[in-house]
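For reference, the structure is listed below as structure tokens.
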Amino acid sequence: MIEVQHLTKSYGRTRAVDDLSFVVRPGKVTGFLGRNGAGKSTTLRLLLGLGVPDAGRALLFGKPYRELTDPLLHVGGMLEATSTQRTRSARHHLLWLARTHRIPPSRVREVLDMVGLSEAGERRSGGFSLGMSQRLGIAAAVLGDPEVLLLDEPVNGLDPEGVRWLRNLLKERAAAGHTVLLSSHLMNEMAVTADQLIIIGHGRLLADMSLSDFTAAHCRSVVRVRSHEPGRLRGIVREAGAEAEPESGDTLRVTGMESRDVAKLARSHGIGVDELAAESTSLEEAFLEMTAREPGCSGGAGVALRGGGAHAAR
């Protein structure tokens with residue numbers, strides 16, 4: 001449904017998108033992740049026909065957005081929630097969009113109710129809070145009941161109830177066989193919303209894999225162990241092939257070894273353990289670690305991950 005093929009776009013001397021390729025398939029919520037300036041918004045703008053690539057193609061249904069007939073009936077996009085005519089009411093803004101695609105007025109009432117703006121429908125959008133503007137932008141995106149949704153930071157400004165509502169909406173549309181591409185910087189929310197992750201850095205692909213595969217590959221288990229002999233225990237753990245770093249007091253942070261194995265190792269060497277706690281690194285920590293390896297962050301080489309394989313990023 002969504003295809004990005006060797007997409008490249010520069011602004012002056014800045015390469016915003018650099019030979020980027022990926023496919024977004026229906027039936028899943030796909031999270032589109034990257035640090036600020038990674039090229040996410042530029043990619044979405046090119047997909048929605050709001051710019052011309054220097055090279056490559058951004059395709060929806062196998063063609064550029066500008067070649068689609070009645071695009072609102074097929075693709076819904078939200079890049080900036082406040083990009084409305086501020087003197088218009090929410091209802092008139094949606095009516096104006098509906099008339100361009102012969103969408104009946106009843107659908108406007110339906111989406112206003114869907115996003116929780118029924119009572120604010122006659123208010124001018126210029127007086128809306130950020131959260132209300134986000135809801136109006138989402139209403140416009142789903143107005144034509146499109147098969148494809150492209151949303152850039154839609155959670156911004158939403159209260160916890162609104163975040164949960166949006167999460168359910170996106171999951172429902174994906175479950176119905178629609179294609180959802182969601183850009184966000186909120187890792188905790190992405191962890192409970194997305195099925196698939198596409199991560200970019202400096203306009204290049206870093207990862208394209210399911211959330212479960214990414215978590216298994218990059219979210220490491222961490223064991224915190226407190227002992228009266230932390231120095232000795234650290235040496236034994238490292239000899240066993242795991243990493244152990246001192247934390248506050250007599251506590252070690254062990255990675256690369258399960259808690260039961262740490263306990264067994266300590267017991268076999270006669271080292272008493274006063275406390276043992278297991279946890280795992282979060283999606284946010286894994287994301288920051290991956291993107292920090294990109295040139296411009298820490299000088300390391302970028303790695304593009306597709307499925308279980310690794311390829312040098314170009």
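Can you tell which of 222, 192 is among the hydrophobic types (A, V, I, L, M, F, W, C), surrounded by fewer than 20 Cβ atoms within 10 Å (Cβ to Cβ) and under 19 Å from residue 258 (Cα atoms)?
That would be 222, the only listed residue that is among the hydrophobic types (A, V, I, L, M, F, W, C), surrounded by fewer than 20 Cβ atoms within 10 Å (Cβ to Cβ) and under 19 Å from residue 258 (Cα atoms).
Please go through (1) in contact with a strand residue (DSSP E or B) (Cβ under 8 Å, 6 or more places away or on another chain); (2) buried (at least 17 other Cβ atoms within 10 Å of the Cβ) for residue 217 and return the number of the only condition it doesn't satisfy.
If we test residue 217 against (1) in contact with a strand residue (DSSP E or B) (Cβ under 8 Å, 6 or more places away or on another chain); (2) buried (at least 17 other Cβ atoms within 10 Å of the Cβ), just (2) comes out false.
Given the conditions (1) more than 17 Å from residue 2 (Cβ to Cβ); (2) surrounded by 19 or more Cβ atoms within 10 Å (Cβ to Cβ), which single one is not true for residue 185?
Looking at each condition in turn, residue 185 falls short on (2).
Could you grab me the full set of residues in region 148-162 that are over 14 Å from the mean Cα position of the chain (by Cα), crowded, with 19+ Cβ neighbours inside 10 Å and not small (Gly, Ala, Ser)?
Passing the criteria: 148, 158.
Being over 25 Å from residue 50 (Cβ atoms), in the same structural domain as residue 50 (by TED's automatic domain parsing), in contact (Cβ under 8 Å) with a residue 60 or more places away in the chain and of a type outside the set (S, T, N, Q), is that true of even one residue in region 151-174?
Initially, region 151-174 is screened for residues over 25 Å from residue 50 (Cβ atoms), giving 159-165, 167-168, 171-172.
From the residues that got through so far, the ones that are in the same structural domain as residue 50 (by TED's automatic domain parsing) too are 159-165, 167-168, 171-172.
Adding the requirement that they be in contact (Cβ under 8 Å) with a residue 60 or more places away in the chain leaves 171.
When the remaining residues are screened for being of a type outside the set (S, T, N, Q), the result is 171.
Yes: region 151-174 contains one or more residues that are over 25 Å from residue 50 (Cβ atoms), in the same structural domain as residue 50 (by TED's automatic domain parsing), in contact (Cβ under 8 Å) with a residue 60 or more places away in the chain and of a type outside the set (S, T, N, Q).
Answer yes if at least one residue in region 122-130 is under 20 Å from residue 47 (Cβ atoms) and under 21 Å from the mean Cα position of the chain (by Cα), and no otherwise.
Of all residues in region 122-130, those under 20 Å from residue 47 (Cβ atoms) come to none.
No, there is no match, as no residue in region 122-130 is under 20 Å from residue 47 (Cβ atoms) and under 21 Å from the mean Cα position of the chain (by Cα).
Just the residues that are β-branched (Val, Ile, Thr), more than 29 Å from residue 192 (Cβ to Cβ) and free of Cβ contacts under 8 Å to residues at least 40 places away in the same chain, please, taken from region 1-37. Break it down into steps so the answer makes sense when it comes.
From region 1-37, those β-branched (Val, Ile, Thr) are 2, 4, 8, 14, 17, 23-24, 29-30; that's our starting set.
In the following step, the residues that additionally are more than 29 Å from residue 192 (Cβ to Cβ) were identified as 8, 14.
If the condition is that a residue be β-branched (Val, Ile, Thr), more than 29 Å from residue 192 (Cβ to Cβ) and free of Cβ contacts under 8 Å to residues at least 40 places away in the same chain, then 14 is the only one that fits.
Any residue at all in region 278-289 that's loosely packed, with under 13 Cβ neighbours inside 10 Å and at pLDDT 85 or above?
No, region 278-289 contains no residue that is loosely packed, with under 13 Cβ neighbours inside 10 Å and at pLDDT 85 or above.
Identify, from the list 169, 95, the residue that is in contact with a Pro (Cβ under 7 Å, 6 or more places away or on another chain) and over 16 Å from residue 32 (Cβ atoms).
Going through 169, 95 in turn, the sole match is 95.
Look through region 135-177, keep the residues that are part of a loop (DSSP other than H, G, I, E, B) and among the charged types (D, E, K, R), and return whichever of them is nearest to residue 84 (Cα to Cα). Write out each step before concluding.
We begin by selecting, within region 135-177, every residue part of a loop (DSSP other than H, G, I, E, B); these are 143-147, 153-159, 176-177.
Okay, now just the ones that are also among the charged types (D, E, K, R), so 145, 147, 153, 159.
Details: 145: 20, 147: 23, 153: 17, 159: 21 Å.
Per the stated criteria, the residue is 153.
In region 202-249, what residues are of a type in the set (Val, Ile, Thr), touching a Lys or Arg at 6+ places or on another chain (Cβ under 8 Å) and at pLDDT 85 or above? Show your work before the answer.
Applying the first criterion (of a type in the set (Val, Ile, Thr)) to region 202-249 yields 215, 222-223, 225, 236-237.
If we keep only those that are touching a Lys or Arg at 6+ places or on another chain (Cβ under 8 Å) too, we end up with 222-223.
Scanning region 202-249 gives a single hit, 223.
Considering only region 18-37, state which residues are of a type outside the set (Ser, Thr, Tyr) and closer than 17 Å to residue 209 by Cβ. Even if it seems obvious, please write down each step before you answer.
Quick first cut of region 18-37, residues of a type outside the set (Ser, Thr, Tyr) only: 18-20, 22-29, 31-37.
Result: 20, 22, 23, 24, 25, 27, 28, 29, 31, 32, 33, 34.
The values are calculated or read from the model by the stated rules, or taken from the named source; none is laboratory data. All figures in this text were calculated on a predicted structure; none of them were measured in a lab. A quick note on method: Cβ atoms are made from the backbone with ideal geometry, for glycine too, and the neighbour counts reach across all protein chains shown.
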